[in-house]
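Read-outs: derived from the displayed coordinates by stated rules, not from any lab. Since this is a predicted model, take the numbers as computed values, not measurements. We place every Cβ from the backbone using ideal geometry, glycine too, and count neighbours over all the protein chains shown.
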């Protein structure tokens, strides 16, 4: 999205001196299911949605695991980045090929989640790994869902390829919608939200191809002083205009990075945003990170 043109030893806005598909700055680990995922309240791994084609059981997939794949780069520069530590080691971070990643998938791995940072700057690598991993799993008669957690700034054609993989495998694409107002978005992330909203609308057109489990999920971090009920109301209206059934999760904020001086989200703030989202027409709204909510108003 940032249209970087790298020459010689130039470094892109995402912090990478390259944007290849052969290797990526990436790490991975296993999370036992059900895991703390933005979509855990509607996804196959957390609820059994799509059983038996896409889930091993009718409820949470206890006994199985998620392969969490963390890419060490991002097209945003969020002031509140929760995973800011990757910025210090992305130049020296572990580099791996798509095949290295595929080899990490075993018989108890029922889903892969690509996140970060963000998978966007190195998305060809993620797509290659996901495609090969799914082909191997299908050949062995195993379930392997592909999910992406992203800011949605990839090239539209790559966004479609992400959705192709998630739809076919029973996974989902999770968009982090930071703000509706472009000035607020630029203040918080450093860049515009135009591409994010365009790609979200593009992928929303494909929901009817597989309504269950939901292939597209949205979330918004409730940053005190920045992302209030009016921001959420506008985002919810946008989402509802595309499809009222799209799941929308509101996440409590935890102070981090350059916004470490802010408080966590208050219960009153979260409640106002929840009501705004429902009033805007969305049918499925949830509040996440409940343990972070504080009692006093902000």
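For 257, 76, which order do you get if you count the other beta carbons within 10 Å of each Cβ and list the fewest first?
So the residues, fewest neighbours to most, are 257, 76.
Which order, highest average first, do 271-281, 5-15 follow once you tally other Cβ atoms within 10 Å for each residue and take the mean per peptide? Intermediate values should be presented prior to the final figure.
Working: 271-281: 18.0, 5-15: 12.2.
Going by the mean number of other Cβ atoms within 10 Å, highest first, we get 271-281, 5-15.
Starting with the fewest neighbours, write out 166, 260 ranked by other beta-carbon atoms found within 10 Å of each beta-carbon.
Listing 166, 260 from fewest to most nearby Cβ atoms yields 260, 166.
Using a 10 angstrom cutoff on alpha carbons, build the Gaussian network for the chain and name the most mobile of 141, 190, 50.
Among 141, 190, 50, the largest mean-square fluctuation in the Gaussian network model of the chain belongs to 141.
Given labels modelled 7 Å from the Cα in the Cβ direction, how far is it in nm from residue 244 to residue 53?
With each label point 7 Å from Cα toward Cβ, the separation is 2.5 nm.
Just to be sure I understand, if you calculate Cα extents along the principal axes in Å for this structure, which of (1) 52, 52, 33; (2) 93, 38, 32; (3) 56, 46, 34 do you get?
Checked against the structure: label (1).
When the chain is modelled as a GNM with alpha-carbon springs shorter than 10 Å, which of 138, 122, 157 fluctuates the most?
Of 138, 122, 157, the Gaussian network model singles out 157 as fluctuating most.
Roughly what % of DSSP beta bridges within the chain run antiparallel, to the nearest 5?
25 percent
What does the helix-only formula give at 222 nm for the chain: each DSSP H stretch with n ≥ 4 adding -39500 (n - 2.57), the total divided by the residues, and the result rounded to the nearest 500 deg cm²/dmol?
Mean residue ellipticity, 222 nm, calculated: -9000 deg cm²/dmol.
Does the range 219-298 come out rounded, prolate or oblate by the C-alpha gyration tensor, with a ≥ b ≥ c the root eigenvalues, rounded set by a/c under 1.5 and, if not, prolate when a/b is larger than b/c and oblate if not? Don't skip to the end; give the middle numbers.
Numbers: a/c = 2.13, a/b = 1.95, b/c = 1.09.
The shape class here is prolate.
Quick one: 42, 69, fewest Cβ neighbours within 10 Å first, how do they rank?
Working: 42 20, 69 26.
Lowest count first: 42, 69.
Of all DSSP beta bridges in the range 9-149, what percent run antiparallel (nearest 5)?
If I count the DSSP bridges inside the range 9-149, around 50 percent turn out antiparallel.
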